[in-house]
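Trainee: Structure in structure tokens, see below.
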Amino acid sequence: MRLSVLVRGACRGFPPPAPVIRSRSRSRSSWSRSWCFGSRLAGGLPDSDSSIGATPPCIRGSSSTGGGGSFGGVRRSMEEEERPVEATLRGIIQKSREEVASLQQCRPALTPVLAIVQAGEDDRFLALNKEMAGEVGLNVLQISLPADCTEDEVTDEVLKLNEDPKVHGLVLHLPTALLSGRVLNSISPEKDVQGVTDVNLGKLVRGDLEDSFAPPIARVVMELLEQHGLLAEGKTALILGNSGALEVALQCLIQRRGMLVLTSGWKVASLQKQVQQTDVVVLTSEGPLEFLPGWLRPGAVVIDCGSAHFSERSDGPVTHGGATPRVGSVDSLAAALRMQNVVRSACRWLRQQRYRPWRLRSLTLQPLSPVPSDIEISRSQSPKAIELLAREVGLLPDEIEAHGKTKAKVRLSLLDRLKEQPDGKYVLVAGITPTPLGEGKSTVTVGLAQALTAHLKLNSFACLRQPSQGPTFGVKGGAAGGGYAQVIPMEEFNLHLTGDIHAITAANNLVAAAIDARVLHEATQSDKALYGRLVPTVNGLRKFSPIQTARLRKLGIDKTEPGALTPEEIRSFVRLDIDPSGITWQRVVDTNDRFLRKITIGQASTEKGQARQAQFDIAVASEVMAILALTDGLRDMKERFSRMVVGSSRTGRPVTAQDLGVSGALAILMKDAIKPTLMQTLEGTPVFVHAGPFANIAHGNSSVLADKLALKLVGEEGFVVTEAGFGADIGMEKFFNIKCRTSGLRPNVVVLVATVRALKMHGGGPKVSAGAPLPQEYVDENLQLVADGCSNLRKQIEIAQLFGVPVVVAVNVFRTDTEAEIDLVCRIARDSGASDAVACYHWSRGGRGCVELARAVRKAAQQPNHFRFLYDLQMPIVEKIRTIAQKVYGADDVEVSQEAQAKIDNYNEQGFGNLPICMAKTHLSLSHLPDWKGVPTGFLLPIRDVRASIGAGFIYPLVGTMSTMPGLPTRPCFYDMDLDPDTEQIAGLF
């Protein structure tokens with residue numbers, strides 16, 4: 001379409017644009033970008049006497065007798081011609097103003113913006129649209145490109161404007177040569193207020209007028225035809241010109257009113273004959289031939305959408321009723337309709353920002369018996385494209401960042417978009433004290449979510465932790481669930497995922513490197529040399545970085561010029577004076593490596609004698625991981641990083657990551673890891689995977705952000721099922737006392753997972769070891785062992801009730817369990833205060849095997865909730881530890897070592913005494929001894945050490961011989977793993 005012809009005709013005689021505010025220069029010309037803000041301009045609409053060249057569109061008629069060059073057939077005065085157009089114009093402007101006011105009631109800061117991309121110095125089109133935008137209350141953004149710009153340069157600008165949420169409409173005012181299909185279709189259809197993209201034209205052809213934009217010129221033509229009573233069934237219209245968006249739109253709109261529509265080019269031999277047979281001729285482009293009024297049949301009219309389409313005769317321009325037509329208002333009508341499209345685009349955008357009901361299509365499962373391996377089941381299902389799943393659960397296209405075909409990061413802007421949306425129901429999955437094999441909490445979490453959504457048709461999200469590679473290649477294997485209740489693809493879930501744990505490792509070890517480097521440099525340099533290197537002169541300028549300015553404020557130094565500091569101030573600024581024996585920050589690696597539990601670093605001669613003993617922790621034990629799991633946004637995460645205490649000075653002052661100058665770099669490394677990862681279950685229901693702290697050496701829960709995002713997406717009647725690590729005494733206690741304090745969220749239900757085999761172990765059954773066959777006691781029915789072991793189940797129910805939350809027991813059924821054993825567990829659970837107890841068969845049946853649990857959870861969520869914390873934060877550190885030990889673990893008291901007590905005293909002096917407690921304790925027993933099963937009593941809980949995660953916001957005591965670096969067993973899981981070099985398929989990953 002020759003769009004430039006249309007707009008050039010509409011733009012002659014207008015004043016120059018507003019001054020350029022921002023420009024980007026090039027060698028041969030320049031880009032510029034200027035804003036025109038939506039205050040009403042002086043002078044209002046174009047004056048009726050304005051001298052404007054032939055502009056689109058104007059209406060002309062033939063003589064009733066059909067002769068010569070006279071246009072006597074439509075004999076109206078200019079005032080009569082103008083009145084309906086002016087009235088229509090005023091009505092469109094008033095309606096658009098009202099819609100803008102309504103938008104701003106919902107979103108006060110929202111002002112719709114029209115972006116105009118133009119080439120060269122022709123600013124008349126901008127002036128017309130700027131004036132109309134002022135009338136309506138919009139802003140106009142002008143993008144001026146060089147006259148000789150290329151398609152690529154235009155497309156680059158268009159793509160930037162597509163991504164700009166402040167821009168709601170986009171118009172290209174460019175030479176015809178640049179308006180290729182590639183350029184036009186680079187415009188986002190949602191912002192295509194000119195109606196030139198294939199998507200909008202396709203919707204128009206299909207009749208989807210509410211969800212598309214028609215070209216404003218086409219709408220003006222329809223308005224003129226309507227006002228002159230020319231839209232009638234049985235009449236014939238001829239569209240004469242090129243074949244483009246305008247012509248297609250006109251054909252569709254006119255046909256829809258019952259008229260016969262013909263299309264023709266200027267070079268058709270039978271053109272005169274076609275014109276003589278039609279009632280309406282619409283000229284959409286200039287032609288090489290003269291168009292003689294004598295060709296028109298009596299009563300026919302011509303709508304001229306361009307300039308100079310009629311032949312110029314010796315008696316001057318074509319007249320209407322003997323006078324030169326005034327088309328200023330008609331030209332303004334096209335601009336007003338363009339602004340109306342911008343307003344409608346903004347309205348659609350605002351509607352998109354609201355909560356969207358789910359339109360989720362579940363995937364069909366066909367369970368086999370016997371149940372194949374987890375990886376075989378995972379590969380047997382074809383997952384949905386992640387973009388489709390995101391759309392189904394109400395995510396907008398710009399809220400996800402795809403990582404391949406089956407996983408995507410979700411942007412935190414979702415929280416702001418849905419901030420007024422009520423949260424759904426919040427369900428925590430915990431468990432009894434497990435065997436070393438695990439009892440299936442992840443499997444229950446996935447199965448419950450599948451049952452809620454795929455079978456009960458309730459919105460639900462499962463929120464899981466990202467698995468560490470330590471257990472994956474060590475003892476436990478993956479954490480994607482199992483059987484027919486899995487997250488898929490399970491290989492991607494268990495291996496690397498989107499690299500979050502690698503980012504944590506990099507961030508953690510950057511801090512460790514910064515600590516030791518600072519100790520070395522302070523030990524080998526003078527104050528002057530340190531200051532010169534920390535605050536160097538660059539290009540003749542010497543200044544503090546923002547993080548150094550923050551350190552100066554912390555020291556009470558209110559100076560901004562490096563040369564203004566006194567020698568004493570310089571010394572306090574450059575000397576952290578870290579005590580090597582007081583360094584508490586450890587390096588990490590995401591591998592079970594027992595030989596890194598104690599190491600010596602700094603032994604090379606280049607480290608100049610700064611050797612010291614250190615250790616590695618597993619990556620998921622890092623405070624960076626804990627912060628990721630507890631933060632509520634980028635700003636909060638950055639502040640938490642700055643507060644992380646890495647050690648003490650020789651005078652006992654805490655040294656932080658901000659003191660080291662590294663907290664900004666940590667935020668850079670973690671800026672993508674903070675976004676939860678969207679995946680799906682075997683039945684196509686959504687899952688968030690985010691963060692992965694262990695529950696025995698950290699707080700053991702998936703991220704606050706994942707839960708908050710999911711609670712908004714599921715809607716008020718939906719469910720978010722999140723998992724706490726290990727037994728209720730470990731993961732659940734920390735979920736309540738740490739995660740819920742941080743997030744402000746309150747759970748509606750606790751699902752407590754129990755297995756017959758674990759209960760038999762607690763009832764006195766023989767030891768269970770990973771990789772070894774189960775003893776016969778766990779295969780044969782033994783009701784006594786089950787009954788005795790239910791003491792642990794009762795205790796875990798009691799622990800959940802300490803927090804005032806209803807409990808539903810889920811018995812995760814294994815094929816060796818008997819019906820009598822399952823019934824016994826369910827009966828004892830109900831008698832012990834559980835709201836319900838249900839047998840679950842999700843491992844072998846998928847969500848269908850968990851439907852009864854889903855119903856029980858839905859019912860329990862309607863019960864009164866009397867949530868409460870276990871202890872007050874103002875209690876002394878030792879008293880908080882004692883409360884957990886006695887009320888949760890059942891200990892008589894705690895036994896605090898001298899080393900631990902000294903650290904507690906130090907933390908109190910440093911002002912950290914009011915933090916919650918995160919116990920690092922074995923998960924295999926309620927006590928500190930892994931082999932002490934059931935419900936131990938009469939023991940003292942030994943606290944051998946106490947550490948502080950100030951950035952994460954908790955104190956963590958180390959109980960007994962608890963290690964923060966696991967080791968590999970004699971036969972690790974990796975013995976069974978392999979990769980097919982031809983297919984790249986992984987074998988042996990469960």
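Please treat every number below as a calculation from the coordinates, not as lab data. Just so you know, these numbers come straight off a predicted model, no measurement behind them. No Cβ is skipped: glycine too gets one built from the backbone with ideal geometry, and neighbour counts run over all protein chains shown.
Trainee: So, in nm, how far is label ALA564 from label THR176 when the simple model puts each one 7 Å beyond its Cα toward the Cβ?
Mentor: Placing both labels 7 Å beyond Cα along the Cβ direction yields 6.6 nm.
Trainee: By how many degrees, 0 to 90 and rounded to 10, does the Cα axis of helix 245-255 deviate from the longest principal axis of the chain?
Mentor: The two axes meet at around 80 degrees.
Trainee: Here's something else I'd like to know. Would you please state the base-10 log of I(q)/I(0) at q = 0.07 1/Å for the chain, with intensities from the Debye formula using one equal scatterer on every alpha carbon?
Mentor: Relative scattering, expressed as log10 I(q)/I(0), comes to -0.76.
Trainee: What angle, in degrees between 0 and 90 and rounded to the nearest 10, separates the Cα long axis of helix 441-450 from the longest principal axis of the Cα atoms of the chain?
Mentor: On a 0 to 90 degree scale, this one is about 30.
Trainee: Same structure again: So what's the back-of-envelope 222 nm ellipticity for the chain, counting only DSSP H runs of four-plus at -39500 (n - 2.57) apiece and dividing by all residues, rounded to 500?
Mentor: The helix contribution divided over the chain gives -10000 deg cm²/dmol.
Trainee: Can you pull the one-decimal nm distance between simple spin-label points at ASN539 and LEU396, each 7 Å off the Cα toward Cβ?
Mentor: 3.7
Trainee: Relative to the present Cα-Cα distance, how much length would full extension add between ARG635 and GLU376 at 0.36 nm per residue of separation?
Mentor: Value of the extension gain: 89.0 nm.
Trainee: Excluding same-chain residues fewer than 8 positions from LYS457, which lysines have a Cα within less than 22 Å of its Cα?
Mentor: Leaving aside lysines fewer than 8 places away in the same chain, those within reach of LYS457 are LYS384, LYS425, LYS708, LYS712, LYS859.
Trainee: Let me check against my output: what whole-number percent is the relative contact order of the chain, with C-alpha pairs under 8 Å and at least 6 apart?
Mentor: In percent, rounded to a whole number, it is 12.
Trainee: Do any trypsin sites (Lys or Arg not before Pro) in region 439-492 lie in a loop, going by DSSP, with at most 11 other beta-carbon atoms within 10 Å of their beta carbon, and if so which?
Mentor: Qualifying residues, ordered by number: LYS457.
Trainee: Considering only DSSP beta bridges whose two residues both sit in region 505-669, what percent are antiparallel, to the nearest 5?
Mentor: Percentage antiparallel, nearest 5: 75.
Trainee: What order, most packed first, do the peptides 416-422, 693-699 have when packing is the mean number of other Cβ atoms within 10 Å of each residue?
Mentor: In decreasing order of mean packing, 416-422, 693-699 become 693-699, 416-422.
Trainee: Just tell me which lysines come within less than 23 Å, Cα to Cα, of LYS933; anything on the same chain fewer than 8 places away is out.
Mentor: LYS441, LYS476, LYS734, LYS760, LYS767, LYS795, LYS887, LYS921
Trainee: Over region 877-959, what number does the Rg to Rh ratio reach, with both radii from the alpha-carbon atoms and Rh per Kirkwood?
Mentor: Result for region 877-959 is an Rg/Rh of 0.98.
Trainee: Through the Karplus equation 6.51 cos²θ - 1.76 cosθ + 1.60, θ set to phi - 60°, convert the phi angles of region 684-695 into ³J(HN,Hα) values in whole Hz; use x for Gly and Pro.
Mentor: My calculation for region 684-695 gives x, 8, x, 9, 9, 10, 6, 6, x, x, 5, 8 Hz in order.
Trainee: Among DSSP beta bridges whose residues both lie in the chain, state the antiparallel percentage, nearest 5.
Mentor: So the antiparallel bridges amount to about 45 percent of the total.
Trainee: May I ask you to list the lysines whose Cα is less than 18 Å away from that of LYS543, ignoring any residue fewer than eight positions away on the same chain?
Mentor: Cross-link targets: LYS528, LYS554, LYS559.
Trainee: Of GLY609, MET625, ILE599, which is farthest towards the positive pole of region 580-661's charge dipole, taken about the Cα centre with +1 and -1 on the beta-carbons of Lys, Arg and Asp, Glu respectively?
Mentor: Of the candidates, GLY609 comes out farthest on the positive side.
Trainee: May I ask for the distance between the Cα centers of region 551-610 and region 711-759, given as a whole number of Å?
Mentor: Value for the Cα centre distance between the two parts: 39 Å.
Trainee: Pairing the Cα long axis of helix 78-106 with the longest principal axis of the chain, what angle in degrees results, from 0 to 90 and rounded to the nearest 10?
Mentor: Compared with the principal axis, the helix lies near 10 degrees.
Trainee: Sticking with this structure for a sec: Go through region 840-850 residue by residue and turn each phi into a ³J(HN,Hα) via Karplus (6.51, -1.76, 1.60, θ = phi - 60°); whole Hz please, and just put x for glycine and proline.
Mentor: Per residue, the Karplus-derived 3J(HN,Hα) values read 10, 10, 5, 4, 9, 10, x, x, 4, x, 10 Hz.
Trainee: Counting only residues 5 or more places away or on other chains, whose amide H sits under 5 Å from the amide H of THR656 once H atoms are built in the peptide plane?
Mentor: Hits under the 5 Å cutoff: VAL646.
Trainee: If you take the square roots of the eigenvalues of the alpha-carbon gyration tensor of region 505-669 and sort them as a ≥ b ≥ c, do you get rounded (a/c under 1.5), prolate (a/b over b/c) or oblate?
Mentor: Oblate is the answer for region 505-669, as a/c is 1.5 or above yet b/c matches or exceeds a/b.
Trainee: For region 209-219, take each phi angle, set θ = phi - 60°, evaluate the Karplus expression 6.51 cos²θ - 1.76 cosθ + 1.60, and give the result in whole Hz per residue in order, putting x for glycine and proline.
Mentor: Taking θ as phi minus 60°, the curve returns 6, 6, 10, 9, 10, 9, x, x, 4, 5, 5 Hz for region 209-219.
Trainee: Additional query: What does the charge dipole of region 877-959 about its Cα centre add up to, to the nearest 20 debye, if the Cβ of each Lys and Arg holds +1 and the Cβ of each Asp and Glu holds -1?
Mentor: The calculated dipole for region 877-959 is roughly 280 debye.
Trainee: Give me the dipole magnitude in Debye, nearest 20, for the chain about the Cα centre, with unit charges on the beta carbon: positive for Lys and Arg, negative for Asp and Glu.
Mentor: Using Cβ point charges on Lys, Arg, Asp and Glu, the chain gives about 1020 debye.
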